[in-house]
1. Would you grab the residues whose amide H sits under 5 Å from the one on VAL36? Only those 5+ places off in sequence or on another chain, please, with H modelled 1.01 Å from N.
2. Per 0.36 nm of contour for each residue apart, how much would the distance between GLN57 and ARG25 grow if the chain were fully extended, relative to their Cα-Cα spacing?
3. Relative to the longest principal axis of the C-alpha atoms of the chain, give the angle of the C-alpha long axis of helix 101-111, reported between 0 and 90° and rounded to the nearest 10°.
4. Given the options SER84, SER56, SER18, state which has the largest fluctuation in a GNM of the chain using a 10 Å cut-off (strictly under) for Cα springs.
5. Dipole magnitude of the range 1-73 about its Cα centre, charges +1 at Lys/Arg Cβ and -1 at Asp/Glu Cβ only, in debye to the nearest 20?
6. Can you give me the distance in nm between label points at ASN14 and ILE32, each placed 7 Å from the Cα along the Cα-to-Cβ direction?
7. Whole angstrom only: what separates the Cα centroid of the range 31-56 from the Cα centroid of the range 67-112?
8. Quote to one decimal, in nm, the extra length available between GLU81 and GLU44 on full extension: 0.36 nm per residue of separation minus the C-alpha distance between them.
Amino acid sequence: MSVPRVSVVIPAYNEGESIRRCLDRILTAVHIPCEVLVVFDRPEDTTAEPARAYASQDPRVVPLLNYRQPGPAGAIRCGIEAASAAVVVVTMADGSDEPAQIEDLTRRVEEG
């Protein structure tokens, strides 16, 4: 995998199989090198297994157990700390954010 230009952090809580749709949308919309960190609070979170299965097929996906405090703020902080790209974009697992904006946001940050 090439060095990512953007790390996409997704705080997730019991998303189950719906995390696949979220990942599909992001990875279809983002054409620049990226990594997508799916951060969940507990090993038994229903997001964990589908995220791991997806990651086994696509190395851009990184399932990550939140090592900070539980909840969205802790998951976001954990994901930002684990990100390998200089640019980090946070997006919600419920699909409420438009993944097509990720590349534009990345370019804007890179341009200063």
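1. Correct list: VAL8, VAL61, VAL62.
2. 10.0 nm is the gain from fully extending GLN57 to ARG25.
3. Tilt relative to the chain: about 50 degrees.
4. For the chain, modelled as a Gaussian network with Cα springs under 10 Å, the answer is SER56.
5. That gives a dipole near 240 debye.
6. Label at ASN14, label at ILE32, 3.6 nm between them.
7. Using only Cα atoms, the two centres lie 14 Å from each other.
8. 11.1 nm
The values are calculated or read from the model by the stated rules, or taken from the named source; none is laboratory data. Quick caveat, the model's predicted, so the values are computed rather than measured. Using ideal geometry, Cβ is built from the backbone for each residue, glycine included, and neighbour counts are taken over all protein chains shown. These accessible areas exclude ligands, DNA and RNA; they are computed on the full protein's heavy atoms, side chains included. Shrake-Rupley method; radii C 1.70, N 1.55, O 1.52, S 1.80 Å.
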